[in-house]
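Single-structure report; data block below.
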Amino acid sequence: MMEEPRIGVFVCHCGTNIGAYVDVPQVVEYVEGLPNVVHAERNLFTCSEEGISAIKKAIPEYNLNRVIVASCTPRTHEPLFRAACEDAGLNKYLFEFVNIRDQCSWVHMREPEKATEKAKDLVRMGVAKARLLQPLEEIEIEVAPSCLVIGGGVVGISAALNLAEQGFEVHLVEKEKELGGTLLDVHKLFTTNEEASKLVEPLAQKVKDHQKIRTYLSTVVKDVSGFIGSFEATLDHNGTEEKVKIGTIIVAIGAEELKPAGQYGYGKFPNVITQLELEQRMKKGEFDGQNVVMINCVGARIPERTYCSRFCCMTAIKNATLIKESNPASKVWILHRDLMAYGVDFETYYRKSMEQGVRYIRYDLERPPEIIGNGKAEKVKVWHQLMDREIEFPVDMVVLTTPLIPRADNEELSKMLKLPLDEFGFLLEAHLKLMPVEFATDGIYLCGSAKWPIDLSDGVAQAYAAAGKAAVPMTRGYVKPEAITAWVDEERCSGCGICEPLCPFKAIELQYRDSTRVSHITEALCKGCGTCGGACPAGAITMNHFRDVEIMAQIEALVEST
Amino acid sequence: MSNNNFEPVILGFACNWCTYAGADLAGTSRIQYPPNIRMIRVMCSGRVNPSFILKALSLGIDGVFIGGCHPGDCHYLEGNYKARKRIALLQKMLPQVGIEPQRVRLEWVSASEGGRFAEVVSEFVSQIRELGPNPLKEGS
């Protein structure tokens, strides 16, 4: 069935990183005696050009069909050694990594003898697995050059336009009856004080005029099936369904302002409103107030909602400035817990607001301000930390600065697209630093406040990032996912269905073969976690590259030493 | 029955994304821990079939450690939850075959918790040292 394994083992000194603590020559000598090992050598640095060419030379010379490198960690160096194998004509899945540095020499520096014994054990376990390794072929999945952008706010619009300009077909879905999102309610933008509508309207017009963008208003995404390259989305427009096929998906559904019911008289006094409600009034020219108090961090940075909503300090500063500009005789106070006016522009803007007469008073969460009134807010009391006493002044308008909170749609999309949520219900990217606009699910990208609250400029930057990421597989036209996936031996599968709900990526479905039911795994959807393989009672599921027999062999090899 | 000459043999399973990375970080940070553990890398703690653990224990391995991502952090969304359920069930079953459930330990170690990895491994090694050799080990 399988050709006799011929294993080559390369043990790395890593300079002194391994060599000073693990007796490398002793390990090599030991390895030479292990079954199926036909060649073993040591290198000062296996990852150096010299080391790599040693691997490439040894493969044909000793007719190797398995290669092991015992050195650092597969997390950094596996691609390099796999590539060396491929260059020498060996399938890269016939390579096995043994970690004798990060998890051996570096952590047992004071016990070199024991570290050497451990290194031997680890290599022996690696050899046991390598003997059973199988070559794997990566499938190629075609990627359609089209993208579904969910959310027609300025962030979604920016992503859509960016992709359309690159020549991709874009389907832009907005649940409201016009494009623009939250910005439709915003009066002016910090720090330029330009009207939001001056920005939104031309962008929306550009979308409408663009031949590559199809816009769906008053439409929601009802369902999504498929995988990167060939998703199919079901769109619901007032009860009429339409299906679209796309290669990639960008989620840009934004977030919504928290309505602080019951706090500081909100909902009870008509003159207690939120910042967004203030903006709507200002936009319509309906704002009127001589003594205005803004309270920041209402419902934010509290035990049940610990996050900072990031843009709201600036919103308060902006609206306070605008009130002072239109009516210099008015009085505006901002009661805050800390002011976040980061960067160059924001800090300048904040300083200018003080020059214009906006008053800032810091309050403590332990002693929050109090709104007093009868039928409407009339007075505010606040403990002044610097004066160390309570002060009181009359108000005719109270504006509460509240954070953005996740839309209920986040949870629905999370279930539909199998995307993770954080503790607050925001969508969670694959990696904060290294994959900030991507999900673990291939072909789906994220931008804007659905991830966490951000301001417009950050949102647009993220939109371009997401569009750039989505363009990568669409430009190439195909993706090659890792071949480390699971498969079902239909002869052994009893069709019990235990595996199906275990798969978080919907890769497993039960299918009928004549009258029997079997489990089927779609390779393109499988991410290779092996959770199904860990549960199959019939042993019908094989998790490639981490097969039961391979892991069992590693376990048995460990015991051989004792 | 603690025995001063007893050196426990411990098998570890580490998920590629969190615990394996955390173990690597312990290395880069040069945090020292007892050399009794031998790790097997799997992509997800959900891959660990309870039969692997039973196999190890039946072969006389003194303790089995499984490391996964913290709840909510699983690279595969929920593999760690599956691992948690399976290990809990296995631990209930072990006394029936005469094995202390403490010989199997599931821990969450993130990629940034090199120190925590070293701590939990050290703790586990001393715990197994206290327990003594696996009763299923030949000659014990």
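Any idea what the alpha-carbon Rg over 2.2 N^0.38 Å comes to for chain B? If you can, show how the numbers build up before the last one.
Details: Rg = 14.5 Å, N = 140, 2.2 N^0.38 = 14.4 Å.
Normalised Rg, Cα atoms only: 1.01.
Around A:K243, under 11 Å between beta carbons, what's the net of Lys plus Arg minus Asp minus Glu among the other residues?
Working: positive: A:K222, A:K245; negative: A:D223, A:E232, A:D236, A:E241, A:E242.
So the surrounding residues net to -3.
To the nearest 100 Å², how much accessible surface do chains B and A hide from each other in total, with a 1.4 Å probe? Intermediate values should be presented prior to the final figure.
Numbers: alone 7380 and 26860 Å², together 30170 Å².
The summed interface area works out to 4100 Å².
Placing +1 on the Cβ of each Lys and Arg and -1 on the Cβ of each Asp and Glu in region A:511-562, which of A:G530, A:I541, A:H520 has its Cα farthest towards the positive end of the resulting dipole?
Ranked along the dipole, the leading option is A:H520.
Helix-only mean residue ellipticity at 222 nm, chain B, DSSP H runs n ≥ 4 weighted -39,500 (n - 2.57), per residue, nearest 500. What is it? Could the numbers behind the result be given before it?
On the way: 4 runs with 52 residues, N = 140.
Dividing the helical sum by the residues of chain B leaves -12000 deg cm²/dmol.
Modelled label-to-label distance, A:Q511 and A:A461, 7 Å Cα→beta-carbon offset: nm?
4.6 nm
With every protein chain left in place, what is the accessible area of B:M39 in Å² (1.4 Å probe, nearest 10)?
Counting only protein heavy atoms, B:M39 exposes about 30 Å² to solvent.
Tell me whether region B:1-55 comes out rounded, prolate or oblate; compute the Cα gyration tensor, take square roots of the eigenvalues as a ≥ b ≥ c, and use a/c under 1.5 as the rounded threshold.
Details: a/c = 3.75, a/b = 1.15, b/c = 3.26.
Oblate, since a/c reaches 1.5 and b/c is not below a/b.
Specify the angular offset, from 0 to 90 degrees and rounded to the nearest 10, of the alpha carbon long axis of helix A:74-87 from the longest principal axis of the alpha carbons in chain A.
50 degrees
Calculate, in nm to one decimal, what A:K480 and A:S197 gain on full extension: separation in residues at 0.36 nm each, minus their alpha carbon distance.
Between A:K480 and A:S197, full extension yields an extra 97.5 nm.
Please state the charge dipole magnitude for region A:132-284, taken about the Cα centre, from unit charges on C-beta atoms (+1 on K and R, -1 on D and E), reported in debye and rounded to the nearest 20. Write down the numbers at each step before the final one.
Details: 16 positive and 23 negative charges, 166 e Å.
With only Lys, Arg, Asp and Glu charged at Cβ, the dipole is about 800 debye.
What is the sum of charges around A:L502, taking Lys and Arg as +1, Asp and Glu as -1, for the other residues whose C-beta is under 9 Å from the C-beta of A:L502? Present the calculation step by step, with values, prior to reporting the outcome.
On the way: positive: B:K82; negative: A:E500, B:E78.
Result for the neighbourhood of A:L502: -1.
Out of A:V398, A:V382, A:F424, whose Cα points farthest toward the positive end of the dipole of region A:368-472 (charges: +1 Lys, Arg; -1 Asp, Glu; placed on Cβ)?
A:F424
How big is Rg to Rh over the protein assembly as shown, alpha-carbon atoms, Rh as the Kirkwood inverse-mean-distance radius? Numbers along the way, then the final one.
Details: Rg = 30.5 Å, Rh = 28.9 Å.
Expressed as Rg/Rh, it is 1.06.
If I take every Cα pair under 8 Å that is 6 or more residues apart in chain A, average their sequence separation and divide by the length, what percent do I get for the relative contact order? Numbers along the way, then the final one.
On the way: 1155 pairs, mean separation 75.2, N = 562.
Relative contact order for chain A comes out at 13 percent.
Calculate how steeply helix B:19-28 sits against the longest principal axis of the alpha-carbon atoms of chain B, using the helix alpha-carbon long axis, and give the answer as 0 to 90 degrees to the nearest 10.
90 degrees
Could you please put A:W452, A:W333 in sequence from largest to smallest accessible area, using a 1.4 Å probe?
Values: A:W452 85, A:W333 25 Å².
Largest accessible area first, the residues go A:W452, A:W333.
Using helices alone, what [θ] at 222 nm do you get for chain A, with -39,500 (n - 2.57) per DSSP H run of 4 or more residues, divided over all residues and rounded to the nearest 500? Spell out each step's value before the answer.
Values: 13 runs with 165 residues, N = 562.
The helix-only estimate for chain A comes to -9000 deg cm²/dmol at 222 nm.
Using only the alpha-carbon atoms, how far is helix A:154-165 inclined from the longest principal axis of chain A? Give it as 0 to 90 degrees, nearest 10.
Roughly 50 degrees, rounded to the nearest 10.
Would you tell me the mean number of C-beta atoms belonging to other protein chains that fall within 10 Å of each C-beta in A:546-553, as a whole number?
Taking the mean over all residues of the peptide, I get 3.
Under a point spin-label approximation (7 Å from Cα along Cα-to-Cβ), what is the B:Q96-A:S225 distance to one decimal in nm?
With each label placed 7 Å out from Cα toward Cβ, I get 4.1 nm.
Would you please classify the overall shape of region A:231-317 from the alpha carbon gyration tensor, given that a ≥ b ≥ c denote the square roots of the eigenvalues, rounded means a/c under 1.5, and beyond that prolate means a/b larger than b/c while oblate covers the rest?
prolate
Residue by residue through B:18-31, how many Cβ atoms from other chains fall within 10 Å of the Cβ on average?
On the way: counts 0, 0, 6, 3, 0, 5, 11, 1, 4, 12, 6, 3, 3, 2.
Mean partner shielding for this stretch: 4.
A:W383: net charge of surrounding residues, Cβ under 10 Å, Lys/Arg +1, Asp/Glu -1, itself excluded?
Details: positive: A:R362, A:R367, A:K381, A:R389; negative: A:D364, A:E366, A:E370, A:D388, A:E390.
Summing Lys and Arg as +1 and Asp and Glu as -1 gives -1.
In whole percent, what relative contact order does region A:376-456 give with Cα contacts below 8 Å and a gap of six or more residues? Working shown, then result.
Details: 90 pairs, mean separation 14.9, N = 81.
That works out to 18 percent.
Evaluate peptide B:75-84: per residue, the Cβ atoms of other protein chains within 10 Å of its Cβ; return the mean as an integer. Before the final figure, lay out the partial values.
Values: counts 6, 10, 13, 7, 8, 2, 2, 7, 2, 0.
For this peptide, the per-residue mean of nearby foreign Cβ atoms is 6.
Taking a probe of 1.4 Å, how large is the accessible area per residue of the protein assembly as shown, in Å²?
Details: 30170 Å² over 702 residues.
Normalised by residue count, the accessible surface of the protein assembly as shown is 43 Å².
In debye, nearest 20, what is the charge dipole magnitude of region B:54-103 about its Cα centre with +1 on Lys and Arg Cβ and -1 on Asp and Glu Cβ, if you could check?
Values: 7 positive and 4 negative charges, 38 e Å.
Value, rounded to 20: 180 debye.
Towards the positive end of the charge dipole of region A:204-284, with charges on Cβ (+1 Lys, Arg; -1 Asp, Glu), say which of A:F231, A:N271, A:I250 has the farthest Cα.
A:N271
Suppose accessible area is computed on protein heavy atoms with a 1.4 Å probe; arrange A:L456, A:L122 from highest to lowest. Walk me through the numbers on the way to the answer.
Details: A:L456 45, A:L122 15 Å².
Per-residue accessible area, sorted high to low, gives A:L456, A:L122.
Restricting to chain A, what percent of DSSP beta bridges are antiparallel, rounded to 5?
Details: 46 of 96 bridges.
The answer is about 50 percent antiparallel.
Expressed as cubic angstrom per residue, what is the convex hull volume of the alpha carbon set of region B:92-140? List each step's numbers first, then the result.
Working: hull volume 4.1 nm³, N = 49.
Expressed per residue, the convex hull around the Cα atoms of region B:92-140 is 84 Å³.
Quick one: pull the percent of accessible area on the protein assembly as shown belonging to carbon and sulfur, 1.4 Å probe, ligands and nucleic acids left out.
50 percent
So how strong a dipole does region A:369-522 carry about its Cα centre when Lys and Arg Cβ are +1 and Asp and Glu Cβ are -1, to the nearest 20 debye? Could you put the intermediate results ahead of the total?
Working: 16 positive and 23 negative charges, 69 e Å.
Using Cβ point charges on Lys, Arg, Asp and Glu, region A:369-522 gives about 340 debye.
Run the simple label-point estimate for A:K415 and A:L136 please: 7 Å along Cα→C-beta, distance reported in nm.
Each label point is offset 7 Å from its Cα along the Cβ direction, giving 3.2 nm.
By the gyration tensor of its Cα atoms, with a ≥ b ≥ c the square roots of the eigenvalues, what is the shape of region B:20-86: rounded for a/c under 1.5, prolate for a/b over b/c, or oblate?
Details: a/c = 2.58, a/b = 1.05, b/c = 2.47.
Oblate is the answer for region B:20-86, as a/c is 1.5 or above yet b/c matches or exceeds a/b.
The values are calculated or read from the model by the stated rules, or taken from the named source; none is laboratory data. Keep in mind that what you see is a predicted model, and the values were worked out from it rather than measured. Cβ atoms come from the backbone with ideal geometry, glycine included; neighbour counts cover every protein chain shown. Remember, those area values only see protein heavy atoms, side chains included, never the ligands or the DNA or RNA. Shrake-Rupley method; radii C 1.70, N 1.55, O 1.52, S 1.80 Å.
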